[in-house]
Amino acid sequence: MMTLLTNHTALTNSTAKQTTTVKQKMMSGALAGVLMTTLGVAAPMVALTQTANAAPATSSVAAQRLNKLLTNTKSMTADFIQTTKGASSGTFKGSMSVQRPNNFRWETKSPSEQLIVANGSSMWIYDKDLEQATKQNVDSQVGNTPALLLSGDPRKIDKNFKITQPYATKNYYVLYPKSNNASFKSLSVSFNGGKPVMMVLNDTLGQTTSIKFSSIKLNPSISSSQFKFTPPRGIDVINQ
């Protein structure tokens, strides 16, 4: 009887752990494409106080200003707190590092461990608890993603996104993809002192994910090894 109870408890704990990591993978995976193509430099919605004389910038001016901010970000490291509200709710903490072109490392440390590493041509998602690593090919030229934010040409950004700057005096931007195939409805971006402080993503499933950055270092030197991943021995490797 004790053996049966022990086995049942172990199975229950294992199932709960797997459910948590799968949910985390879904949340992180949805963000991975956006974060990779934007180099994780986009940072969203901060609390803003609307004043009587607040006025939005024109679309072309907003695109030029946002492009300038992104161009000034060659690399970045930061800690993050990621919170999702919706069907898959949860809060995760970790650290990240990004570097042009299209290199990023997104490491969740709490409440469970997960690592996402991308180098522009491939992306690895490693779930330590599941002992599983998934490799995906990455197309950094997809036109309906925020990748074009790094192109240096505001006209290309305007072609794929409706870019708004709700308050002309605030470095806060909201992007709406023009393509019906985009995985998100809107991406809110804000900067403080030229540094990203937060990102808010509204996806097509009705979920809202916010990412707050702290301990931000702008344009540091980052070893290329941070953007490489070798699966540990003995884990399952899935190619997609």
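Go through region 106-120 residue by residue and tally those that are surrounded by fewer than 22 Cβ atoms within 10 Å (Cβ to Cβ) and touching a Ser or Thr at 6+ places or on another chain (Cβ under 8 Å). Matching residues across region 106-120 total 6. Taking the numbered list (1) within 26 Å of residue 78 (Cα to Cα); (2) aromatic (Phe, Trp, Tyr); (3) modelled with pLDDT under 85 in turn, residue 161 passes all entries but (1).
For residue 167, state whether it is in contact (Cβ under 8 Å) with a residue 12 or more places away in the chain, of a type in the set (Phe, Trp, Tyr) and closer than 22 Å to residue 74 by Cβ.
Details: in contact (Cβ under 8 Å) with a residue 12 or more places away in the chain: yes; of a type in the set (Phe, Trp, Tyr): yes; closer than 22 Å to residue 74 by Cβ: no.
No.
Would you mind stating whether residue 84 is modelled with pLDDT of 90 or more and crowded, with 20+ Cβ neighbours inside 10 Å?
Details: modelled with pLDDT of 90 or more: yes; crowded, with 20+ Cβ neighbours inside 10 Å: yes.
Spelling it out, residue 84 is indeed modelled with pLDDT of 90 or more and crowded, with 20+ Cβ neighbours inside 10 Å.
With respect to (1) surrounded by fewer than 17 Cβ atoms within 10 Å (Cβ to Cβ); (2) touching a residue at least 12 places away in the same chain (Cβ under 8 Å), the lone exception for residue 223 is condition (2). On inspection, residue 70 fails the criterion of being more than 18 Å from residue 224 (Cα to Cα), touching a helix residue (DSSP H, G or I) at 6+ places or on another chain (Cβ under 9 Å), outside any strand (DSSP E or B) and at pLDDT 90 or above.
For region 178-197, what are the residues that are at pLDDT 85 or above and under 16 Å from the mean Cα position of the chain (by Cα)? Lay out the reasoning, then the answer.
Applying the first criterion (at pLDDT 85 or above) to region 178-197 yields 178, 185-188, 190-195, 197.
Matches in region 178-197: 185, 186, 187, 188, 190, 191, 195, 197.
Of the strands (runs of 3 or more DSSP E) contained entirely in region 151-225, those carrying at least 3 residues that are of a type in the set (A, V, I, L, M) and out of contact with any Leu (no Cβ under 7 Å at 6 or more places or on another chain) fall at 195-203, 208-218.
The values are calculated or read from the model by the stated rules, or taken from the named source; none is laboratory data. Computed from a predicted structure; not experimentally measured. Counting neighbours? That spans all protein chains shown, and the Cβs are built from the backbone with ideal geometry, glycine included.
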